[in-house]
Amino acid sequence: MQISDMFDCFLQYEEEHELFERKEIAGIRYWYYLRYPIWQAMMQMSGWGINITGKTGKKAAERTLERIERNTIRNPMLSMQKEVLIFNSPRRVKYGSYYQCIYTDEWLQDLKRSYCVCESAYQGQHFKPVRTKHLKYIDCKVKAVQKQKIDVREEFSSLLSELENGLGVHFDNQTKKSLLVSFDSIINHRAGIMAYYDRLLHRINPKIIFLVNGYDFEHILMVETAKKRGIPTVELEHGAMEGHLAYNFLRKRELPGFPDYIFTFGKHDAEVPQLPIDSANVVPVGSAQLEREILFYQNAFKNKTKKKKIITFWSNGSEELIDCALKLSERLDLSVYKVVVKLHPSEYRNWNKLYPKLGHGNVQIEDGSKHNVYYWLAVSDWVIGTSSTTLIEATAFDTNILILKASKYYQMKGVVEKGFGKYAADDKEIYDMIMSGKSTRNQDVDPEMFFARNVKENIYKAIDQMIENKQRK
């Protein structure tokens, strides 16, 4: 079965068998919490998951969190009341000497309303130094589970048996153990986490809340808590939503933990995903970081010439992509072309173990230590990948885009269908396309299909409108 067929089957099954309504334990309807972890587990077992590496050891993480807990300066419970509350992305990216959240930092610089930024630890740490103002750390929130622990084993076993029979999958023992731990944590930590967020929202009393990565379990609970307090919540798009299970449902439905609004990068992700909320609540605003980077590199590379044409492969957990890059480098005249493999951040620490062939090939390996992704988008004549968000960002640059038919490539079908790129089956087909000299982009493409322009103005206007609407109620 192809991954796209499995995706459709999953959506159909959960709807036909009323899993959202029927799956319940101790009065908690849990399917919305567990559907994405289960889908991820299915992808991993099928060989379609992303390799996640570089995890911090448990003891090291605990020591870091202990230091954070003692850092009262960053305690959000000591924050004053603010109009806007932001839960940013803890996986910051280094620009120059500072680490930035690429989804929030840029537009927050000129926001006129008062705000507070809350950040969780990433792999047991917070990246420093940063320029983010009004930044607080939210880490050690839960000290206890339910007063009486709920035994979830019987319900969990019943659920997995039903999914195995209904979807034709088999969960191995390691996957079962991992999912059981997640399920137990979801059910028994839920009340404690929601109590924390209730105190936090009472303290800051925001008029609107922004978050990145809405399908994170704690963010789901934060949204549930905010809705009980009547505070509108907005998720900022952080990656491809087409073909992403967290943003696709067969019908509109009321989900307490799903944000009230989605701010997308462009028109495409405002129209294509099968979101559970009304289309009027899905607003294309663009990417402030991307808009800034485009302007920067347009000026930086003005009137400059390159010695070689650059072909950049965007790694995203696909061994097929790496093999394709290595084979293409053998076909090309390397005095004219340079082949680059830009690694995914999760692969930086041990890419040589994940892709042992890579270190012996005629390709340049980039781990983000010198240049960011936008540099490579700006200098590349061709960008090639399977399902990276960067391939969507490439539509905003003057470069050719090829989608290799491997892994979760179906998530990038919009790039091809909207005329910004082409599919390629293998290294031979890529070679032929490069040698043809033809552009992968149609001449009549909509420049704001994937990224709206005037981002800051779009965001500020939407914030003002939503706060005004809330005050009228």
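The values are calculated or read from the model by the stated rules, or taken from the named source; none is laboratory data. This one's a predicted model, so the numbers in the text were calculated from it and none came from an experiment. Don't worry about glycine lacking a Cβ; one is built from the backbone with ideal geometry, like all the others, and counts go over all protein chains shown. Surface areas here come from the heavy atoms of the whole protein model, side chains and all, with no ligands, DNA or RNA. Shrake-Rupley method; radii C 1.70, N 1.55, O 1.52, S 1.80 Å.
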Q. Given the residues GLU347, GLU320, GLU330, which is the only one that is in contact with a Gly (Cβ under 9 Å, 6 or more places away or on another chain), within 19 Å of GLY47 (Cα to Cα) and among the charged types (D, E, K, R)?
A. GLU347
Q: State all residues of the stretch 144-184 that are of a type in the set (S, T, N, Q), open to solvent by less than 60 Å² (accessible area, probe 1.4 Å) and under 17 Å from GLN40 (Cα atoms); if no residue qualifies, say none.
A: THR175, SER182
Q | Subset of the stretch 369-400 [without any contact (Cβ under 8 Å) to a residue 60 or more places away in the chain and assigned to a loop (DSSP other than H, G, I, E, B)] | A | SER369, LYS370, HIS371, ASP398, THR399
Q.
I need a count of the residues in the stretch 197-218 that are under 28 Å from ILE25 (Cβ atoms), open to solvent by 20 Å² or more (accessible area, probe 1.4 Å) and in contact (Cβ under 8 Å) with a residue 40 or more places away in the chain.
A. 5
Q.
For the stretch 232-255, give me each residue that is free of Cβ contacts under 8 Å to residues at least 60 places away in the same chain and of a type outside the set (Asp, Glu).
A. THR233, MET241, TYR247, LYS252
(Q) Any residue in the stretch 291-310 that is closer than 22 Å to GLU106 by Cα sitting within a Cβ distance under 6 Å of a residue that is modelled with pLDDT of 95 or more and among the acidic types (Asp, Glu)? List the pairs, counting only those 6 or more apart or interchain. (A) ARG292/GLU106
Q: Among the residues of the stretch 109-135, write down those that are modelled with pLDDT of 95 or more, open to solvent by 20 Å² or more (accessible area, probe 1.4 Å) and charged (D, E, K, R).
A: ASP110, LYS112, ARG113, ARG131, LYS133
Q. Only one of GLY361, GLY385, GLY414 is farther than 22 Å from LEU328 by Cα and in contact with a helix residue (DSSP H, G or I) (Cβ under 8 Å, 6 or more places away or on another chain); which?
A. GLY414
Q: Could you please let me know if LYS357 is open to solvent by 80 Å² or more (accessible area, probe 1.4 Å), within 26 Å of ILE430 (Cα to Cα) and of a type in the set (D, E, K, R)?
A: yes
Q: Can you give me the number of residues within the stretch 342-374 that are touching a Phe, Trp or Tyr at 6+ places or on another chain (Cβ under 6 Å) and at pLDDT 90 or above?
A: 2
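Filter the stretch 370-392 for residues that are out of contact with any His (no Cβ under 9 Å at 6 or more places or on another chain) and within 22 Å of TRP48 (Cβ to Cβ); which is surrounded by the fewest Cβ atoms within 10 Å (Cβ to Cβ)?
Let us first name the residues in the stretch 370-392 that are out of contact with any His (no Cβ under 9 Å at 6 or more places or on another chain), namely 370-378, 380-387, 390-391.
From the residues that got through so far, the ones that are within 22 Å of TRP48 (Cβ to Cβ) too are 383-387, 390-391.
Details: VAL383: 29, ILE384: 29, GLY385: 27, THR386: 25, SER387: 28, THR390: 19, LEU391: 26.
Residue satisfying both the conditions and the ranking: THR390.
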Q: Name the residue, out of TYR409, TYR431, that is of a type in the set (Phe, Trp, Tyr), open to solvent by 30 Å² or more (accessible area, probe 1.4 Å) and in contact (Cβ under 8 Å) with a residue 24 or more places away in the chain.
A: TYR431
(Q) So the check is Cβ under 9 Å with 6+ separation or different chains; which pairs have a first residue in the stretch 456-473 that's more than 17 Å from LEU108 (Cα to Cα) and open to solvent by 50 Å² or more (accessible area, probe 1.4 Å) and a second one that's outside any helix (DSSP H, G or I) and modelled with pLDDT under 95? (A) none
Q. Of all residues in the stretch 19-30, which are part of a loop (DSSP other than H, G, I, E, B), open to solvent by 20 Å² or more (accessible area, probe 1.4 Å) and touching a helix residue (DSSP H, G or I) at 6+ places or on another chain (Cβ under 9 Å)?
A. ALA26
Q) Taking interchain pairs and intrachain pairs at least six residues apart, which have beta carbon atoms under 8 angstrom, with the first residue in the stretch 168-181 and closer than 14 Å to SER157 by Cβ and the second open to solvent by 70 Å² or more (accessible area, probe 1.4 Å) and not in a loop (DSSP other than H, G, I, E, B)? A) THR175/GLN44; LEU180/ARG153
Q.
Just to verify a result, which residue in the stretch 330-353, among those that are aromatic (Phe, Trp, Tyr) and not in a loop (DSSP other than H, G, I, E, B), is surrounded by the fewest Cβ atoms within 10 Å (Cβ to Cβ)?
A. TYR337
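Given the structure, is PHE171 assigned to a helix (DSSP H, G or I) and at pLDDT 95 or above? Outline the logic, then answer.
Details: assigned to a helix (DSSP H, G or I): no; at pLDDT 95 or above: yes.
Criteria not met by PHE171.
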Q: Go through the stretch 173-212 and give me each residue that's farther than 25 Å from TYR247 by Cβ and of a type in the set (D, E, K, R).
A: LYS176, LYS177, ASP184, ASP198, ARG199, ARG203, LYS207
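Looking at the stretch 412-428 only, could you name the residues that are part of a loop (DSSP other than H, G, I, E, B), free of Cβ contacts under 8 Å to residues at least 40 places away in the same chain and open to solvent by 10 Å² or more (accessible area, probe 1.4 Å)? Spell out how you get there, then give the answer.
To start, the set of residues in the stretch 412-428 that are part of a loop (DSSP other than H, G, I, E, B) comprises 418-421, 425-426.
Those still in the list that are free of Cβ contacts under 8 Å to residues at least 40 places away in the same chain too: 419-421, 425.
Of everything in the stretch 412-428, just one residue is part of a loop (DSSP other than H, G, I, E, B), free of Cβ contacts under 8 Å to residues at least 40 places away in the same chain and open to solvent by 10 Å² or more (accessible area, probe 1.4 Å), namely ALA425.
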Q. If only one of LEU221, LEU245, LEU236 is over 27 Å from VAL415 (Cβ atoms) and open to solvent by less than 40 Å² (accessible area, probe 1.4 Å), which one is it?
A. LEU221
Q: Kindly indicate whether SER157 is farther than 18 Å from MET222 by Cβ, of a type in the set (S, T, N, Q) and in a helix (DSSP H, G or I).
A: yes
(Q) Can you say whether LYS470 is over 25 Å from the mean Cα position of the chain (by Cα), assigned to a helix (DSSP H, G or I), modelled with pLDDT under 95 and not polar (S, T, N, Q), as far as the supplied structure shows? (A) yes
